[in-house]
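Single-structure report; data block below.
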Amino acid sequence: MFKKYFTPPEAQKRLPLIKKIVGEILEKGKALKGMVAHQTGVELPQECFRLQEEIEDLMRELSDLGCFYKDWNFKIGLVDFPARMGEEVVFLCWRSDEKTIQWYHGMEAGYPGRKLIPEDLL
């Protein structure tokens, strides 16, 4: 189903690079939202399209690493890492304001269904 399944320690090991990429996504996403919100004409400036392409490239970079960006409002920088807990496929869930990966949720539960990762798996 996914090309990679992470253990919590594997996801944590990738976190410094993920943090850097997510920081760039948030910065560019906020800039893009600001430009679009203040646009009064019919045609968007070329800068909007450049920023959109850069954001898409960064999201592809995350996908190539095996994780997925989930914050389309560019507010909390949410990333999911596919994982297995026993026989269940879940997502390890990290927000850009969290120092470590401590949470997971079921495939259908999403962010509101986050639970702490059991200590023995960290």
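At-a-glance table
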| quantity | calculated |
| --- | --- |
| Tail fraction, Cα-Cα pairs, the chain, threshold 17 Å, whole percent | 57 |
| At R0 = 25 Å, FRET efficiency that the Cβ-Cβ distance of Thr100 and Asp64 yields, to 0.05 | 0.65 |
| Relative contact order %, region 37-83, counting alpha carbon pairs below 8 Å whose residues are six or more apart | 22 |
| Å² per residue, accessible surface of the chain at 1.4 Å | 62 |
| Size of charge dipole - the chain - debye, nearest 20, with Cβ of Lys, Arg +1 and Asp, Glu -1, no other charges | 240 |
| Percent RCO, i.e. relative contact order, over the chain, from Cα pairs under 8 Å lying at least 6 residues apart | 24 |
| Ellipticity estimate at 222 nm from DSSP helix runs (n ≥ 4, -39,500 (n - 2.57)) divided over the chain, nearest 500 | -14500 deg cm²/dmol |
| Crossing angle, helix 46-65 versus the chain [Cα axis fit, 0-90 degrees, rounded to tens] | 10 |
| 0 to 90° range, to nearest 10: angle between helix 8-37 axis and the chain longest Cα axis | 20 |
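The values are calculated or read from the model by the stated rules, or taken from the named source; none is laboratory data. The structure displayed is predicted, hence computed values, not measured ones. Counting neighbours? That spans all protein chains shown, and the Cβs are built from the backbone with ideal geometry, glycine included. Heads up: the accessible areas ignore ligands, DNA and RNA and are worked out on the full protein's heavy atoms, side chains in. Shrake-Rupley method; radii C 1.70, N 1.55, O 1.52, S 1.80 Å.
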